[in-house]
Every structure is written in C-alpha cells, then in structure tokens.
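Here's the structure we're looking at; comments come further down.
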Amino acid sequence: MRFLGTIEAKTDQKGRSFLPASFRKQLQTSGEENMILRKDVFQPCLVLYPESVWNAQMDELRCRLSRWDKRQQAIFRMFVSDVEPVSLDGNGRFLIPKRYLKLAAIGQTVRFIGMGDTIEIWGDAKADCDMSTEEFGQALEEIMNSEDK
C-alpha cells in the first residue's frame, strides 16, 4: 500500500472530511477497512494508519520496550492510549474528533499528504519542509550513499 501525493479537502461543521478517492482506492485494493487516527509524535498534524500498519508499528514498539522499565512503559502507554479508531461512512467520510481538530489546528481546509504507508492530515500549520531544495538534495545524497544500506 502506497499513499502518495498531497490533496486538499474540506471539513464540515461536525468535523467530517472525505478521505481522498485515491487513498480510499488504495485502502480498498489492500482490503483494509479500519484505520487508526493519532496525533503525530513530532509535527502538529494527525496521522491515519491503516489498521495493519498500526498493528505492525505497535508490535515493533512493544518489542523494543521493556514492560519492566517504568519510563519505557510510560512511552508505550502514551503512544497507544490517545488514538481513535476510524471507519469511513458510505460516502467515504470520516469524523475527526474535536480534540484532534484543535491539536492539529484544522479548520475548514485540510491537506492530506500520502506518506507511503500512512496519511498525514494537516490543517493551517505548514507541513514541516524546513529544507531548501539544495539542503534536501544534499541530505538525500548522503543517505542514499551511506554504507549502512
């Protein structure tokens, strides 16, 4: 499953938005029906995870953290506790809860950004692209030429 591109949409007064058709098609093709919504760890945006992707990430995190370490247990709890299961209605819409609308500063306009296996949902905040084109090219060159492939 590969979500790609940036698509702008609107929310209604209840906080519902249409999931862009190209992203819905990707979900349908892969047989995914359920998604998980959570606030991004680093950015002022929301992230929609297809359920299988969410489960894989949760399993990976659980494997890396000890149940017997208080701090690591708190990290896991924080990661998995503030999530919202999401399903699309018959029209392809889903509800963004009010607390998430506030967290991501989402008004009437939303921007969906395909991030490969997840979808970011941005409001008024600008997607974090603080790199110039030149910096981006240099960073990508360093990453792709590193020996740790």
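The values are calculated or read from the model by the stated rules, or taken from the named source; none is laboratory data. Since we're looking at a predicted model, the values are computed, not measured. Quick reminder, even Gly has a Cβ in these numbers, built from the backbone with ideal geometry, and neighbours come from all protein chains shown.
Only one entry of Ala105, Ala74 meets the criterion of being closer than 26 Å to Asp12 by Cα, of a type in the set (Gly, Ala, Ser) and either modelled with pLDDT under 95 or surrounded by fewer than 17 Cβ atoms within 10 Å (Cβ to Cβ) (or both), and that entry is Ala105.
Scanning region 36-91 for residues that are more than 17 Å from Glu120 (Cα to Cα) and touching a helix residue (DSSP H, G or I) at 6+ places or on another chain (Cβ under 7 Å) yields Met58, Leu61, Arg62, Leu65, Ser66, Arg67, Phe76, Val80. Filtering Ser87, Ser66 for residues that are loosely packed, with under 15 Cβ neighbours inside 10 Å and either more than 21 Å from Phe18 (Cβ to Cβ) or at pLDDT 95 or above (or both) leaves a single hit, Ser66.
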